[in-house]
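The structure appears right after this line, and notes come after that.
The values are calculated or read from the model by the stated rules, or taken from the named source; none is laboratory data. Computed from a predicted structure; not experimentally measured. Every residue, glycine among them, receives a Cβ derived from its backbone with ideal geometry; neighbour counts consider all protein chains shown. When the accessible area is computed, the model is the full protein with side chains, heavy atoms only, and any ligands, DNA or RNA have been set aside. Shrake-Rupley method; radii C 1.70, N 1.55, O 1.52, S 1.80 Å.
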Amino acid sequence: MRRRRKWWKKLGGYPRVPGENMHYLPEPAVELWQKVLPLGLIFFCASFNLTILQSLKDAIMVTAGGAEALPFLASFGVLPASVAFFVLYNKLVARLPERAVFYASVLPLLVYYGLFATVVYPIAGTLHPLDLMNDLMPSVPIGLHGLLKVMGNWTYSLFFCMAELWGAVVISVLFWSLANEVCTVDEAKAVYPFMAIGANIALVAAGCFIRIVNHTLSTSFPGDTQLLSLRVLIGTVMAMTAAMFASKAYIDAKILKPAAARATAAGARPKKKKSKGTFAEGLAVLKNSPKIRNLALLVMSYGVGHRYVCQGIWICTAITLAMAVTLAVLGSCRSC
């Protein structure tokens, strides 16, 4: 008993039972949960869509062009597309209201995904110059065959680049910009772990959902179900994005707008819109700031390593193993 009393004294006293007067308790975290739930829903839906789009782009491109096309896509497709999109993003930030930038940045991606699933993919065979690609194969070095396949399957390559932009634009830029705007530094310590947990759950849930969709369609509909599966998954992406837009509208109406009204009532000056620096000014900042330069190097190293391992070694190894298993099965069947 004495040891227990000493232990409670070290902790600052016995736990207090709630009564009528509870001023000693912290204020209810209703406002914090009003931030956690919509932000968590946006992060969940964005991560769910990211998993679906990554699975689709890899399946479509690797099936059509092989794994050797992925390095060329990353160098000559994804990188220029990312630069072009961020140039467009800077223009949107400069010309549109701050709350409309989120919607205006996501809508072009949604429009392309919808067009690809409904219009482009069904007629992709007529749009691809496969005969010209096959004629050029013998006269081109083997190391450049992947580049020819990227150009020959150009609609799939464009979808691959647009799917890659979802993670770079929606999650890395739009979501975290919104989260930093909504949450203070102290709130971020409590809010961000919950959102990270929700995003990890979304990755697993999206993988299970893709498996269920493919299994259900393959058992319910005879024949090739690739187009139907693509449309179902793209429709899911659009439904999840609609939930993201609803959460963003809730944040604008219930959190950001009241906060701006309170700041105006308190006599605070409205925030001036900061002008975006040029590309040369950004390079100057990298040159003069070792901290930012090291952070940029860290991000670039992670991107190169992730691309090399996940989309280079892993996919090539998986294809090699699949071919080996297929040949082994065919050999056993012939021997029977």
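Taking the residues in the stretch 214-244 that are β-branched (Val, Ile, Thr) and over 21 Å from the mean Cα position of the chain (by Cα) as candidates, determine which candidate is most open to solvent (accessible area, probe 1.4 Å). Looking at residues that are β-branched (Val, Ile, Thr) and over 21 Å from the mean Cα position of the chain (by Cα), I get THR219. The residues of the stretch 174-187 that are surrounded by fewer than 17 Cβ atoms within 10 Å (Cβ to Cβ) and assigned to a helix (DSSP H, G or I), listed by number, are TRP176, SER177, ASN180, GLU181, VAL185, ASP186, GLU187. Regarding GLY125, is this residue over 22 Å from MET240 (Cα atoms) and over 19 Å from the mean Cα position of the chain (by Cα)? So GLY125 fits the description; yes.
Residues of the stretch 23-60 that are in contact with a Lys or Arg (Cβ under 9 Å, 6 or more places away or on another chain) and modelled with pLDDT of 85 or more: PRO38, ILE42. Checking each residue in the stretch 83-106 for being among the small types (Gly, Ala, Ser) and at pLDDT 85 or above picks out ALA84, ALA100, ALA104, SER105. Can you tell which of ALA190, ALA206, ALA163, ALA199 is over 23 Å from ALA74 (Cβ atoms) and surrounded by 17 or more Cβ atoms within 10 Å (Cβ to Cβ)? It is ALA199. With respect to the conditions (1) among the hydrophobic types (A, V, I, L, M, F, W, C); (2) out of contact with any Asp or Glu (no Cβ under 9 Å at 6 or more places or on another chain); (3) modelled with pLDDT under 85, ALA74 lacks only one, and its number is (2).
Take PHE76 and decide whether it is under 14 Å from PHE160 (Cβ atoms), in a helix (DSSP H, G or I) and touching a Gly at 6+ places or on another chain (Cβ under 9 Å). Here the answer is no, as PHE76 does not meet what is asked.
Filtering ALA265, ALA259 for residues that are surrounded by 11 or more Cβ atoms within 10 Å (Cβ to Cβ) and more than 25 Å from the chain's Cα centre (by Cα) leaves a single hit, ALA259.
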